[in-house]
Amino acid sequence: MLQNKIAIIYDFDGTLTPKTMQEYTLLPKLGIEPKKFWKSIVEESSSTGAETMMVFMRHLLDEANKKNIKISKREFYKMSRDIKYYQGVNEWFKHINKYTKKLAKDVEVYHYIISAGHYEILEGISIKKFIRKIFASEYFYNDDGHAVFPKIVVTDTTKTQYLFRINKGKEKLSDSINQHMPEEKRPIPFDNMIYIGDGMTDVPSMALIKKEGGHAIAVYQKKQKEQINICNELLNADRVDFIAEANYKYNGELYKRTCLLLNYIMSKIKYNLELEKCKKYRL
């Protein structure tokens, strides 16, 4: 198989946006103060041993029911318009795609989002046209079209499942990824991947990709000391190749370091293609 595809995989909350998607959308709609809400989630998860994302998704529905607010897919979709991105995000994908094509016309770069947040909100984001596939948490809807309970929950550790889906080309959730697939037949090898995330919740994904020869970048918000410290920890622990401010502007630090990784991956792709060509036509 011609392994000439590169995957750039993004976390969403805190990576592409300064705040969580819920702080732009659901929490204001429900009249919930973010800090108090997140504190209650952490406390219940800690005291009951429940999975944090399950608690979080249930709490949102409980709050909506208390206020007699019915949440539909259409409502989620409309809320996405209120999301604010870091500088340069809207132009980022065009610049990266253009840079990749300049390096090699026969190499494709695919962009993915893997998020613990709401798939229904992400379906309506302005940058969706640049994203090949979104993996995220999702609700089940009743016959009236209203969210009633969590159907898919994406956590820190289950994010790695979706990396294997990208790796094996099994992007539909109905496709099993358990069957063995030889490395040379996988559409996007792990060493053709770049993961961009913002913190400790991304560690399982970063660790897996780095272990398998891929790459990762940790981003932080300017002047946020705690985030900068976390990114430095990830760098010192070799969880990431680079750290950078979450500024996606053309020719910024993040852009340059991402392009450097693209150069590195592209060199390996060209090397492997030339090696195959040499083997095929050897004397």
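The values are calculated or read from the model by the stated rules, or taken from the named source; none is laboratory data. Note that this is a predicted model, so its numbers are computed, not measured. All Cβ positions, even for glycine, are placed from backbone atoms using ideal geometry, and neighbour counts span all protein chains on display. Heads up: the accessible areas ignore ligands, DNA and RNA and are worked out on the full protein's heavy atoms, side chains in. Shrake-Rupley method; radii C 1.70, N 1.55, O 1.52, S 1.80 Å.
General remarks:
- Length-normalised contact order for the chain - Cα pairs under 8 Å, 6+ apart - percent: 22
- Counting only Cβ charges, +1 for Lys and Arg and -1 for Asp and Glu, the dipole size of the chain around its Cα centre is about 1160 debye.
- Overall dimensions of the chain as given by Cα atoms, namely Rg and Dmax in Å: 20.0, 77
- Accessible solvent surface per residue of region 97-226, calculated while the other protein chains remain in place, 1.4 angstrom probe, Å²: 48
- Karplus-derived 3J(HN,Hα), 6.51/-1.76/1.60, for each residue of region 193-198, Hz, glycine and proline x: 10, 10, 9, 10, x, 10
- Fully extended contour minus Cα-Cα distance, from Lys223 to Lys70, at 0.36 nm per residue: 51.2 nm
- Accessible area of region 123-209 belonging to carbon and sulfur atoms, whole % at 1.4 Å probe: 49
- Rounded to the nearest 10 Å², the accessible area of Asp241 at probe 1.4 Å: 40
- Taking every protein chain into account, the accessible area of region 40-94 amounts to 59 square angstrom per residue (probe 1.4 Å).
- Build a GNM of the chain with springs between Cα atoms under 10 Å apart, and of Asn90, Asn178, Asn272 the one that fluctuates most is Asn178.
- Cα gyration tensor shape of region 78-170, rounded if a/c is under 1.5, else prolate or oblate by comparing a/b with b/c: oblate
- Computed magnitude of the charge dipole of region 17-131 (debye, nearest 20; Cβ of K, R +1, Cβ of D, E -1): 540
- When a 1.4 Å probe is rolled over the protein heavy atoms, the share of accessible surface on region 41-115 that falls to carbon and sulfur comes to 50 percent.
- FRET efficiency for the Phe149 to Tyr281 pair, using the beta carbon distance and R₀ = 41 Å, is estimated at 0.10.
- Cα pair count fraction exceeding 24 Å, expressed as % - region 48-207: 45
- Set of lysines near Lys66 by C-alpha distance (under 24 Å), chain-local residues within fewer than 8 positions excluded: Lys29, Lys35, Lys36, Lys39, Lys78, Lys151
- Amide H to amide H, with H built 1.01 Å from N, Lys151 comes under 5 Å of Glu138, Tyr139, Phe140, counting only residues 5 or more places away or on other chains.
- Amide H contacts under 5 Å for Thr17, placed H, 5+ residues apart: Tyr86
- Helix-only [θ]222 nm of the chain, DSSP H runs n ≥ 4, -39500 (n - 2.57) each, per residue, nearest 500: -13500 deg cm²/dmol
- C-alpha long axis of helix 159-168 to longest principal axis of the chain, angle in °: 40
- Per-residue ³J(HN,Hα) for region 134-144, Karplus 6.51 cos²θ - 1.76 cosθ + 1.60, θ = phi - 60°, Hz, x for Gly and Pro: 10, 10, 7, 5, 8, 9, 8, 10, 7, 5, 8
- An oblate overall shape is assigned to region 139-283, the ratio a/c of its alpha-carbon gyration tensor axes (a ≥ b ≥ c) being 1.5 or greater and a/b not exceeding b/c.
- Sequence of Tyr24, Tyr264 from largest to smallest accessible area, 1.4 Å probe: Tyr264, Tyr24
- Packing-based ranking of 182-189, 54-61 yields 54-61, 182-189, ordered from highest to lowest mean Cβ neighbour count within 10 Å.
- Whole-number percent relative contact order across region 72-179, with pairs defined as alpha carbons under 8 Å at least 6 apart: 24
- Region 250-264 - phi-based ³J(HN,Hα) in whole Hz, Karplus 6.51/-1.76/1.60, Gly and Pro as x: 4, 6, x, 4, 5, 4, 5, 6, 5, 5, 4, 5, 4, 4, 5
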